[in-house]
1. Hey, residue 86 hits all of (1) within 18 Å of residue 132 (Cα to Cα); (2) loosely packed, with under 10 Cβ neighbours inside 10 Å; (3) not assigned by TED's automatic domain parsing to the domain that holds residue 133 but one; which does it fall short on?
2. Tell me yes or no: at least one residue of the range 109-118 is within 45 Å of the chain's Cα centre (by Cα) and exposed (fewer than 10 other Cβ atoms within 10 Å of the Cβ).
3. Among the numbered criteria (1) surrounded by 10 or more Cβ atoms within 10 Å (Cβ to Cβ); (2) not in a helix (DSSP H, G or I), which one does residue 68 miss?
4. Within the range 85-118, how many residues turn out to be at pLDDT below 85 and part of a loop (DSSP other than H, G, I, E, B)?
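The values are calculated or read from the model by the stated rules, or taken from the named source; none is laboratory data. These figures come from a predicted structure and were not determined experimentally. Note that each Cβ is placed from the backbone with ideal geometry, even for glycine, and that neighbours are counted across all protein chains shown.
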């Protein structure tokens, strides 16, 4: 009988340890499930943010492409306007003096050089200097 009692005690202890292990595993499983749920929520929130950033990037990219096209159009337009301006200036014989004076000024010529080369009075040469020097 004492062996039966020892076996019963050992069986009881093993039974309690097994139940304790089962309860511990159930608690750990619930913790892991709640952590997994939290990670899934964070992942979904990050996906939403990523989509927003992607949409904003696409919008900026599209805008910069449109801006680039507009800049190219403006450059072409400015070139055309410069050519028209040059043609109009060349048609007026007196404007040639002024165009030549402006070119000399932008090339770094002195006031006296501009007056001499373009046959301009001092007041007109000074005015051109003030307008085109910087």
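1. The failed condition is (2).
2. Step one: of the range 109-118, the residues within 45 Å of the chain's Cα centre (by Cα) are 109.
Okay, now just the ones that are also exposed (fewer than 10 other Cβ atoms within 10 Å of the Cβ), so none.
The answer is no, given that none of the residues of the range 109-118 is within 45 Å of the chain's Cα centre (by Cα) and exposed (fewer than 10 other Cβ atoms within 10 Å of the Cβ).
3. The failed condition is (2).
4. Result for the range 85-118: 1.
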